[in-house]
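What follows is one structure encoded as structure tokens, with my remarks underneath.
The values are calculated or read from the model by the stated rules, or taken from the named source; none is laboratory data. Keep in mind the model is a prediction, meaning the values are calculated, not measured. Here the Cβ positions follow ideal geometry from the backbone for every residue, glycine too, while neighbour counts run over all protein chains shown.
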């Protein structure tokens, strides 16, 4: 039996605790998946396998990229080779069309018109860059010119998410939606 060769490109993200592992074949065919624990993995056995590695904190699957966020206490030199091995072993049997409940689709169907418009602006301007770096953003609430957002994936622990990225979001939304908008990050419970 011949071992399948899998080439992985590893790239940094703005978050020093997150790396992108890019393969020649997809990890996820449609949409994206973010996991904060093994219990969230559902049918995604590759995600579960990655969570078994000491130091893995979060995973974000998008197209042919899986972004792994590690805990601060673990060094990349200890974690990275194990991630590579898990991907090489798990990717041949991985189904990129795995079922992943999509609470985001349901959430979007129930948004106010204001939040729907904000999400459309984020979809077009901010979200592609965040997803390219292994994360995402969700507009949680908007009232009295105050938008509360929540970061997902690598963005949740990225130092630039509270500074430059947040200022960019505010600037774009002030230009395209509400000149008085303020943007805050939801507390993590």
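Restricting to the range 127-156, and then to whatever is out of contact with any helix residue (DSSP H, G or I) (no Cβ under 9 Å at 6 or more places or on another chain) and at pLDDT below 90, can you tell me which residue is farthest from residue 59 (Cα to Cα)? Don't jump to the end; show me each part of the working.
Pass one, the range 127-156, residues out of contact with any helix residue (DSSP H, G or I) (no Cβ under 9 Å at 6 or more places or on another chain): 128, 131-132, 144-146, 148, 156.
Next cut, at pLDDT below 90 only: 128, 131-132, 156.
Values: 128: 17, 131: 12, 132: 13, 156: 11 Å.
Only one residue tops the list, namely 128.
Quick grid of which residues meet (1) in contact (Cβ under 8 Å) with a residue 60 or more places away in the chain; (2) more than 24 Å from residue 160 (Cα to Cα); (3) surrounded by fewer than 17 Cβ atoms within 10 Å (Cβ to Cβ); (4) touching a strand residue (DSSP E or B) at 6+ places or on another chain (Cβ under 7 Å):
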site	(1), (2), (3), (4)
28	yes, yes, no, yes
33	yes, no, no, yes
44	no, yes, no, yes
52	no, yes, yes, no
74	no, no, yes, no
84	yes, yes, yes, yes
Query - Residues located in the range 12-26, provided they are surrounded by fewer than 15 Cβ atoms within 10 Å (Cβ to Cβ) and more than 19 Å from residue 78 (Cβ to Cβ) - result: 24, 25
Query raised in the report: Among the helices (runs of 4 or more DSSP H) contained in the range 99-189, which hold 3 or more residues that are free of Cβ contacts under 8 Å to residues at least 60 places away in the same chain and surrounded by fewer than 15 Cβ atoms within 10 Å (Cβ to Cβ)?
Result: 103-109, 113-125, 164-176
